[in-house]
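Undergrad: Once you've had a glance at the structure underneath, I'll fire off some questions.
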Amino acid sequence: MLSTRDLVLCALFAALLGGLGMAPPIPLGFLPVPITAQTLGVMLAGTILGARRGGLAALLFVLLVAAGLPLLAGGRGGIGVLMGPTGGFVLAWPLGAVITGWLAERFASGTSPVRLFAVSVVGGILAVYAVGIPWLALVAGLPIEKAALGTMAFLPGDLIKAGVCAFAAAAVRRAGILPLHA
C-alpha cells in the first residue's frame, strides 16, 4: 500500500520527467531523434525514490504519454509515438527506474557519487537500451547492429546525465530529505 507521501512523490517525479521534456532537445543532424533530458528523470527517480516509487513514477509518466498528453520532448504523446521506432526506449523507462532503484537500494545506499553513477548507468542506460534497441530494430526494420550503432550516438549524453544524476542524488541523500526505502 502506498502512503499519501509516496503517491505525491510518484506524481512529483512523473511531473519532473515531463518538465525535463521541456528542455530544448539537442539535434544530432545525422539522426532524426534529438538528445533530450528525460532519461535524467528516469535515473533520478530510481536513485532518489528507490525501485518501487521510482518505477511507479516512470510508469505514471508513460501512462500519461499513452493517454495522449504531449509530455515527450517536442510536445509528442500518444500511443502512436509509443508504438513508433523510438517507443521502446520510453516504454523501458519504468524498468530502468526500477533497476536503478533496486541497485541503489542494495549497492549505493550511501552518498557515493561513484556508486550512484554506476547504478544510473546500469539501470538508466543499459536496461533502457536493452529494450529500446531491439524495439527500434523491429519497428524500423533495421538490423540489430545498425540500430545499436545509431543508438551509440546518445551514449555520451546519457553518461553525462548519469553523472548529473549521481551528484544530485548524493546531495539529496546527504540532506536526508527523502529516505530511499519506501
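The values are calculated or read from the model by the stated rules, or taken from the named source; none is laboratory data. All of these numbers come straight from a predicted model, not from anything done at the bench. Using ideal geometry, Cβ is built from the backbone for each residue, glycine included, and neighbour counts are taken over all protein chains shown.
Undergrad: For Thr100, are the conditions met, namely being surrounded by 15 or more Cβ atoms within 10 Å (Cβ to Cβ), under 13 Å from the mean Cα position of the chain (by Cα) and over 18 Å from Thr36 (Cα atoms)?
TA: yes
Undergrad: Considering each residue of region 51-76, count those that are surrounded by fewer than 17 Cβ atoms within 10 Å (Cβ to Cβ) and at negative phi, and give that number.
TA: So the count comes out to 4.
Undergrad: May I ask you to list the residues in region 157-169 that are modelled with pLDDT of 95 or more and surrounded by fewer than 19 Cβ atoms within 10 Å (Cβ to Cβ)?
TA: Result: Leu159, Ile160, Gly163, Val164, Phe167, Ala168.
So that you can scan it fast, the table gives a plain yes or no per residue for (1) under 14 Å from the mean Cα position of the chain (by Cα); (2) more than 27 Å from Leu142 (Cβ to Cβ):
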residue	(1), (2)
Thr4	no, yes
Gly21	yes, no
Pro27	no, no
Leu44	yes, yes
Ile48	yes, yes
Gly74	no, no
Met83	no, no
Gly88	yes, no
Pro94	yes, no
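Undergrad: Of (1) in a helix (DSSP H, G or I); (2) within 21 Å of Ala57 (Cβ to Cβ), Ser109 satisfies all except one. Which?
TA: Evaluating Ser109 over (1) in a helix (DSSP H, G or I); (2) within 21 Å of Ala57 (Cβ to Cβ) leaves (1) as the failure.
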